[in-house]
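We did not get these values from a lab; they are worked out from the coordinates using the rules stated. Small disclaimer: the values here were computed from a predicted structure and weren't measured. Every residue, glycine among them, receives a Cβ derived from its backbone with ideal geometry; neighbour counts consider all protein chains shown.
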2 protein chains.
Amino acid sequence: MDRTFSRIKTQSLNRLDLSKKGSVDEDIEHVVSLLNSCEQFFTTSSCSGRIILIDGVRQAFKSASYSDMSGLSRACGDAVLKFEPFVLHVQCRRLEDAQLLHSVAVNSGFRNSGLTVGKTGKIVSAVRSTHGLEVPLSRHGKLLVDEDYIQFLTQIANQKMEENLRRVQRFFQNFQSAVSAERQHIPDSPGTQEHQVSQHTHKKGRRGEQGTNKQNQLNVNKRRHQHETVGCHDYGDSSLPELNDCLDLFT
Amino acid sequence: MDRTFSRIKTQSLNRLDLSKKGSVDEDIEHVVSLLNSCEQFFTTSSCSGRIILIDGVRQAFKSASYSDMSGLSRACGDAVLKFEPFVLHVQCRRLEDAQLLHSVAVNSGFRNSGLTVGKTGKIVSAVRSTHGLEVPLSRHGKLLVDEDYIQFLTQIANQKMEENLRRVQRFFQNFQSAVSAERQHIPDSPGTQEHQVSQHTHKKGRRGEQGTNKQNQLNVNKRRHQHETVGCHDYGDSSLPELNDCLDLFT
């Protein structure tokens, strides 16, 4: 079972990132790297959080300003401003690994987190927040709110994004502590997947991207992994519930 | 293990409903009854969906109208209109029971669903939707939007509630089919918990509430179970992530 998990992990980490952005967002690079350095986990998709304005086309921001919304007066459809918090899917080797991750997630404030256990034994832990904001702004092209309200909304959305990133940091720290505590319980456990990381490093190195193990590990995650910041999740896996969440908005 | 689960189920169903409303909402009575009639499941909390206006005090509606918002001009704080969809927590006997329920939930459109597996082996399947609406309306007592916008918002919130209830119905039908299919696979399985339901019926009957088994079963669920419609979840169980979701809004 361990060998199979390890093989699936390697395949997944080597697969091309199918998201629009094509890399992990820098705000959560450290989280993704830490998870992937543990032999019992690998991330299959992630989004650090985003503020989105939808009006026919979809614009995403890390932080929003009134100027971002300036096109609203020319809106021709039903425009909506949305804040979507951090979301992360992590495939886990065993149920107890998923339990550990779930417990860390809930204790860090991600209270909509939950596990999925597939019929074939595939275990995925989803880290989800309860944070949200979803505000209709126009109807059939007619703007329904004024400038002051839009200013206020962008402020609220930015505050939510800041709180979201604080929560991500809490998750990172709690996960670090949990992994350290686990390693102390199992003194002989290798804990991190040095071998696999080295393999990646070597592979990248051969392509002329020399650097420290850690740097290369980040590169692997940034370039090859299925993550996204402002695009849709795109891991081609129908067993994960959030796959089409953002597509909902276009239908 | 089966006996322990059965005992915990009986205890839970006999416990007083700690929610504000004190009973299961009629929109989801049939869902809760069906789940509790299966020996491998029992519900620990539920909310059929609600539209909430928060401004110091908290008002909840099954459907909203402009008159519900008429107090907004006297708002003294930061008023927010929110739509919260159906949420359901179901304790499951075995992991495969939870998998079945989870699969039905995701296939019915509840894509933020997930399992929680406690250290003591307690398995809970949470059914959650991605539907939402969260609109700030006033700031420090100053109303930031006009009457037309509030009319429009109540319309959107009501549409979301209708879609929510359609999705609940889909979940009910899909769950019914899944349970029937399971029973066909295990011809000797009793499927529903006739014995336990009869016990409840008898108990209620002695208190002068005679009726058919089914009617009494509904009464048991309505009067004794920990559910709510317009209050907060209140099952006194910190392992379930949504416990304080609605409290968030007051902090």
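Assorted remarks:
- Residue among B:Leu133, B:Leu153, B:Leu143 that alone is farther than 23 Å from A:Gly121 by Cα, crowded, with 16+ Cβ neighbours inside 10 Å and out of contact with any strand residue (DSSP E or B) (no Cβ under 7 Å at 6 or more places or on another chain): B:Leu143
- Restricting the stretch B:156-166 to residues that are away from chain A (no Cβ under 12 Å) and touching a residue at least 24 places away in the same chain (Cβ under 8 Å), the residue that is surrounded by the most Cβ atoms within 10 Å (Cβ to Cβ): B:Met161
- Just one residue in the set A:Val127, A:Val80, A:Val87, A:Val117 is touching a residue at least 12 places away in the same chain (Cβ under 8 Å), in contact with a strand residue (DSSP E or B) (Cβ under 6 Å, 6 or more places away or on another chain) and surrounded by fewer than 20 Cβ atoms within 10 Å (Cβ to Cβ); that residue is A:Val80.
- Where A:Thr116 falls short, out of the listed (1) part of a strand (DSSP E or B); (2) more than 9 Å from chain B (Cβ to nearest Cβ): (2)
- Qualifying residue in the stretch B:96-103 (condition: more than 25 Å from A:Gly132 (Cα to Cα) and acidic (Asp, Glu)): yes
- Among the residues listed as A:Val127, A:Val135, the single one being in a strand (DSSP E or B) and more than 7 Å from every other protein chain (Cβ to nearest Cβ): A:Val127
- Scanning the stretch A:82-113 for residues that are of a type in the set (Gly, Ala, Ser) and outside any helix (DSSP H, G or I), we see that the one that is nearest to the other protein chains (Cβ to nearest Cβ) is A:Ser113.
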